[in-house]
Amino acid sequence: MSETVNDVRTAPAAPPLGTVPAVLVRKDAGGTVTVEPGTAAVRSPKPNELLIRPAYVGVCGTDIEILHGSMPETFKINYPHILGHEWSGVVVEAGAAVEGFHPGDRVLGHGHLGGNDWFGVTHDGAAAELFTVPADMCFHIPDEVDMLTAAVIEPFACVLNGLKKIGGISAADTVHVHGLGAIGLNAVIQAVTAGAEVVVFDPSPLRRETAMKLGATAAVNPVETPDTTGAAAAAMGRSFADVVIEASGNSAAQAAALESADHNGRVLLMGVSTPKFAPARLGLVQERNLLITSSTGAPVAVWPAAIRYVANTRLNLGEIVSTVVPFSRGDEALQRAQDSSRETKVMLAPDATNADGVAASSTHKAN
């Protein structure tokens, strides 16, 4: 279920001529990063670009890491920039050299600009009422996929890419998921869809409840029950997992992921954070013959498969969305996204209407 924020502070002022409302990420001289409503210049698309009107833009854990200055140093972030690397929208205008896209087409896009440059992370993104993007970064949204689900395909694709790296998941597997943000919940969706038994670990009652609704077999609060493998045994009769997905970036959860893995288990580290010290029994890697790998982002090659996966299974990824916030309250969206007791996944949308015609002032549910 998702709710649209509809208690208006004040009507947003009309933007200057040639600009549109946007959500901006700024960094002041003292190094403090803020997210605030602002404006972005509108320009015609270059020959190889599309001009897009967004429907939904996701608030990601990466955005929160940027806000707190916790991104790895390998990400060279340009300030100020427009927020938003998870999005769906409608083509307004296609550049003169663009083939295959036309005004009115429903689209979504990957974020990889090349190297370690990312749309909406290191450079301007999608949280503006009109934005341009290279056409070769975009994909058509199948008829079977609604606009809200399309905007959540980015974290879904991230998970699919990570699982491909470790050989995938099957109904023969027991899967432990540590951390239930968008990455963790999408991991639950894919594991359940594959027929695996899934145990999840997260301090948030709301997020554990959401995971259970998505099909998880058991949910554990690791703060109340630090012995996560004992809790898994009590819930399912098996302490360890064939596949462990760490999706929080929390150092204690990273250490717990090693404890969760069975002999010949596969451990996938997906949570992005600044490296921190944590006590971990590294000898388990050798003793249990563990395969440990990491995965960040969704390379271009995995996107067509992710889109087909969602279309063919008719998955409703909007089930993980808790709140939709208008662009004019982008700062609030970032604050809400950090409150795991109230939120699972927060989305942004233009203040007036989104491309599904859902008024941003009305409450709606993602069924």
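Bear in mind that the values in this text are calculations on the coordinates, not laboratory data. Remember, predicted model here, so these are calculated numbers, not experimental data. Virtual Cβ from ideal backbone geometry, glycine too; neighbours counted across all protein chains shown.
Normalised Debye scattering of the chain at q = 0.11, 0.15 Å⁻¹ gives log10 I(q)/I(0) of -0.72, -1.30, counting only Cα atoms as equal scatterers and leaving out solvent. Springs between Cα atoms under 10 Å define the GNM used for the chain, and in it the highest mean-square fluctuation of Leu268, Leu160, Leu67 occurs at Leu67. Seen against the Cα atoms of the chain and their longest principal axis, helix 182-193 is set at about 60 degrees. In this structure, His140 and Asn264 have a Cβ-Cβ separation that, at R0 = 51 Å, corresponds to a calculated FRET efficiency of about 0.80. Over every Cα atom in segment 162-281, the radius of gyration and the widest Cα-Cα span, Dmax, amount to 12.6, 35 Å.
Here the Gaussian network model covers the chain, with springs between Cα atoms less than 10 Å apart; of Gly167, Gly249, Gly318, Gly167 fluctuates the most. In terms of Cα atoms, the Rg and Dmax of segment 206-345 work out to 17.3, 53 Å.
If you take all other residues with their beta carbon under 12 Å from the beta carbon of Thr132, and give Lys and Arg +1 and Asp and Glu -1, the sum is 0.
Net charge in the neighbourhood of Glu154 (other residues with Cβ under 13 Å of its Cβ; Lys, Arg +1, Asp, Glu -1) is -1.
3J(HN,Hα) couplings calculated from phi for segment 230-235 with the Karplus curve 6.51 cos²θ - 1.76 cosθ + 1.60 (θ = phi - 60°) are, in sequence order, x, 5, 5, 5, 5, 7 Hz; Gly and Pro show x. Rounded to the nearest 5, what % of the DSSP beta bridges within segment 72-227 are antiparallel ones? Percent antiparallel among DSSP bridges in segment 72-227 is about 45. Distances between placed amide hydrogens fall under 5 Å for Ala55 paired with Ser88, Gly89, Val90, Ala355, all partners being 5 or more residues away or on another chain.
Between the beta carbons of Asn116 and Arg308, assuming R0 = 25 Å, the FRET efficiency works out to 0.35 to the nearest 0.05.
Taken about its Cα centre, segment 45-106 carries a charge dipole of about 120 debye when Lys and Arg each add +1 at the Cβ and Asp and Glu each add -1 at the Cβ.
Per-residue 3J(HN,Hα) values for segment 313-329, derived from phi via the Karplus relation 6.51 cos²θ - 1.76 cosθ + 1.60 with θ = phi - 60°, read 8, 6, 5, 9, 5, x, 4, 8, 7, 9, 8, 10, 10, x, 3, 5, 10 Hz in sequence order (x marks Gly and Pro).
Annotation: the antiparallel percentage among DSSP beta bridges lying fully within the chain is about 55. Among Ala349, Ala311, Ala96, the largest mean-square fluctuation in a Gaussian network model of the chain, built with springs joining Cα atoms closer than 10 Å, belongs to Ala96. Once phi is turned into θ = phi - 60°, what whole-Hz ³J(HN,Hα) does the Karplus curve with 6.51, -1.76 and 1.60 give for every residue of segment 57-69, x standing for Gly and Pro? With coefficients 6.51, -1.76 and 1.60, one gets 9, x, 9, 10, x, 4, 4, 5, 4, 4, 4, 9, x Hz. To the nearest µm²/s, what D does Stokes-Einstein give for segment 31-157 at 20 °C and 1.002 mPa s, using the Kirkwood radius over alpha carbon pairs as Rh? Answer from the Stokes-Einstein relation: 144 µm²/s.
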